[in-house]
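Peer 1: Following this message is one structure expressed as structure tokens.
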Amino acid sequence: MRIVLLGAPGAGKGTYARLLSEKYKIPHISTGDLLRQAIKEHTALGAKSKPFMDQGRLVPDEVVLRPLKKRLGEPDARNGFLLDGYPRNIHQADTLAALEKIDKVISFEVSLPVIMERIGGRRTCEKCASIFHVKNMPVKVEGVCDKCGGRVYQRKDETPLALEIRLETYKKETSPLVEYYAQKGMLMRVNADYPIEKVNLIIDPIISELNKIR
Ligand code: ADP
């Protein structure tokens, strides 16, 4: 069950990936999380990625490929994965096709006001990368992650300017992938403007079906 989650920032890819990962026991692999982890650990990869990420731009393809390849090679990814944040342009999609056989691509489609509302209120756990929202999914204790007790913070690329660049980058570089995967017959579109539970009701049966075929 090798699934790619596609969608603009704020579409909810990370949230659904975590839910599905728990339910189907396949890892959630997020290139954004891998890169943020590298920054936290002050590695060379982190140092290379940080200026791009802070601005809301894409990290160069060859830079992001290295940690991704390593992660896909780990034993828990052998039975499948939910890939979130990769590919982000056509070149990355071609690279991925040469590395793995992808079963399905789910495209989460959201409208701009919903994106702004979700990202503006988003809070992320520094330690386990869980995502919360000040209104839609608040933490129980202010500033503290419900899952692991880590510090919950607002990402640097969630300021209005960085967000604007991220959305532009998405439109220009990533959104052509919808057509790319549609032409290959791999795409499923989901309206992700709805609340989490409702979107979950739409995607869960699809994943469940794929899980049976596996
Ligand atoms: P979101 O999906 O909310 O935009 P992510 O956590 O997926 O956030 O990504 C955050 C940042 O990490 C991106 O803006 C980009 O700078 C970098 N990044 C993540 N994945 C990739 C990728 N596949 N290619 C290039 N840059 C990436």
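The values are calculated or read from the model by the stated rules, or taken from the named source; none is laboratory data. Just so we're clear, the structure is a prediction, and the values are computed from it rather than from any experiment. Glycine also receives a Cβ, built like all others from the backbone with ideal geometry; neighbour counts cover every protein chain displayed.
Peer 1: Could you count how many residues in the stretch 68-88 are under 23 Å from ILE106 (Cα atoms) and either of a type in the set (A, V, I, L, M, F, W, C) or part of a helix (DSSP H, G or I) (or both)? Full working, then the answer.
Peer 2: Going residue by residue through the stretch 68-88, those that are under 23 Å from ILE106 (Cα atoms) are 68-69, 71-73, 76-88.
After this cut, where a residue has to be either of a type in the set (A, V, I, L, M, F, W, C) or part of a helix (DSSP H, G or I) (or both) as well, the list is 68-69, 71-72, 76-77, 81-83.
Residues meeting the conditions: 9.
Each row is one residue, and each column tells you yes or no for (1) at pLDDT 95 or above; (2) on the phi < 0 side of the Ramachandran plot; (3) under 15 Å from the mean Cα position of the chain (by Cα).
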position	(1), (2), (3)
GLN55	no, yes, no
GLU62	yes, yes, no
LYS69	yes, yes, no
ILE90	yes, yes, no
ALA97	yes, yes, no
VAL110	no, yes, yes
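Peer 1: Please specify each residue of the stretch 4-19 satisfying the condition of being in contact with a helix residue (DSSP H, G or I) (Cβ under 7 Å, 6 or more places away or on another chain), crowded, with 23+ Cβ neighbours inside 10 Å and not in a loop (DSSP other than H, G, I, E, B).
Peer 2: LEU5, LEU6, GLY7, THR15, TYR16, listed by residue number.
Peer 1: Another question about this same structure. Report every pair of residues separated by at least 6 positions or lying on different chains whose Cβ atoms are under 6 Å apart, first residue within the stretch 166-195 and at negative phi, second surrounded by 15 or more Cβ atoms within 10 Å (Cβ to Cβ) and aromatic (Phe, Trp, Tyr).
Peer 2: Sorted first by the residue in the stretch 166-195, then by its partner, the pairs are LEU187/TYR181; VAL190/PHE108; ALA192/PHE108.
Peer 1: Taking the residues in the stretch 41-60 that are more than 10 Å from the ligand (Cβ to nearest atom) and not in a helix (DSSP H, G or I) as candidates, determine which candidate is surrounded by the most Cβ atoms within 10 Å (Cβ to Cβ).
Peer 2: THR43
Residues are listed down the side, and each one gets a yes or a no for (1) over 16 Å from HIS28 (Cα atoms); (2) not basic (Lys, Arg):
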{"site": "ARG71", "(1), (2)": "no, no"}
{"site": "PRO87", "(1), (2)": "no, yes"}
{"site": "ILE102", "(1), (2)": "no, yes"}
{"site": "VAL114", "(1), (2)": "yes, yes"}
{"site": "GLU117", "(1), (2)": "yes, yes"}
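Peer 1: Can you confirm whether the stretch 61-78 contains a residue that is more than 8 Å from the ligand (Cβ to nearest atom), in contact (Cβ under 8 Å) with a residue 12 or more places away in the chain, within 21 Å of LYS172 (Cβ to Cβ) and among the aliphatic types (A, V, I, L, M)?
Peer 2: Scanning the stretch 61-78, I find at least one residue that is more than 8 Å from the ligand (Cβ to nearest atom), in contact (Cβ under 8 Å) with a residue 12 or more places away in the chain, within 21 Å of LYS172 (Cβ to Cβ) and among the aliphatic types (A, V, I, L, M), so the answer is yes.
Peer 1: Could you grab me the full set of residues in the stretch 128-174 that are of a type outside the set (A, V, I, L, M), farther than 30 Å from ILE90 by Cα and outside any loop (DSSP other than H, G, I, E, B)?
Peer 2: PHE132, HIS133, ARG151, TYR153
Peer 1: Could you run through the stretch 1-26 and say how many residues are within 9 Å of the chain's Cα centre (by Cα) and more than 13 Å from the ligand (Cβ to nearest atom)?
Peer 2: Looking only at that region, the number is 0.
Peer 1: Somewhere in the stretch 112-129, is a residue among the β-branched types (Val, Ile, Thr), more than 18 Å from the chain's Cα centre (by Cα) and at pLDDT below 95?
Peer 2: Scanning the stretch 112-129 turns up no residue that is among the β-branched types (Val, Ile, Thr), more than 18 Å from the chain's Cα centre (by Cα) and at pLDDT below 95.
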